[in-house]
Amino acid sequence: MISGDAAPAIAEANLGAFFRQRADVPTVCGAALISSLGELRGSDDPVVTFGGLPKVCVPEFAEGCQVELSDGTQPLFRVSRPESATDHPGGTDQMRVASRTGYPSYAGVVTHWWTGRTPSESDAVVADLMIKYLVALVDHERLMAAMARAEDRAASLALAAISGRTINLATGIVMHQNKLAADDAEDLLRQSAWTTGRSLHQVAASVVRSGSLEVSRAALSGVRRLGTH
């Protein structure tokens, strides 16, 4: 399994290895293209990442490039370079990417064209590798965002658990201090939180640290002590 951090690096390494091994691809062209790909902005939104591809490809790789994307819910996204380009015959790569991290899946078509020569087998391989590189970038950003959400949820659950234990401890202290039932002791904690403008957890934490809750006679008169009628 490839980690989210490693996937873009591996895709770029594959592209670099291809340029080194294929004699019919100019080395200078390959170096410039790889450098430009490295400057593309990674995003969990494929429109942001793939939207920069035409600028990278033209003129380093092709004379024209067009990207069309859709996730099935938004209008079709299309960007071309040159911007005046309409439909051109050329090599097309279709992609359909299923989401594994809670994002909508997306699909699209990337078209490259050349007017001065016939596209070669190497052109098709490079185009395919570039798309895989961009897909890896999007997957990486989506994975990182999903991990961040999971960490936030885990932290929230942990804080809720800690807060719950603190409130239970404080309730027990107030029960013992004032000979109250659990519900009445918690009511006193809530009243204290309301009158002092603090959260229930903050009041409970203060009670746990100090070992007691300052309670007025008026507040106590509103609750029933254990053993009294």
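The values are calculated or read from the model by the stated rules, or taken from the named source; none is laboratory data. What you see is a predicted model; the values in this text were computed from it and never measured. When we count neighbours, we look across all protein chains shown, and the Cβ atoms used for this are built from the backbone with ideal geometry, even at glycine. Ligands, DNA and RNA are stripped out before the accessible areas are found, and what is left, the full protein with its side chains, is counted by its heavy atoms. Shrake-Rupley method; radii C 1.70, N 1.55, O 1.52, S 1.80 Å.
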### Tally, over region 91-135, of residues that are modelled with pLDDT of 85 or more, surrounded by fewer than 19 Cβ atoms within 10 Å (Cβ to Cβ) and assigned to a strand (DSSP E or B)
3
### Query
Can you find even one residue in region 139-146 that is among the hydrophobic types (A, V, I, L, M, F, W, C), at pLDDT 85 or above, over 18 Å from Lys55 (Cα atoms) and in a strand (DSSP E or B)?
no
### Message
Please pick out the residue among Thr171, Thr228, Thr195 that is of a type in the set (Ser, Thr, Tyr) and either at pLDDT 90 or above or in contact with a helix residue (DSSP H, G or I) (Cβ under 7 Å, 6 or more places away or on another chain) (or both).
### Response
Thr171
### Extreme residue, farthest from Thr171 (Cα to Cα), among residues of region 198-217 that are open to solvent by less than 70 Å² (accessible area, probe 1.4 Å) and in a loop (DSSP other than H, G, I, E, B)
Ser216
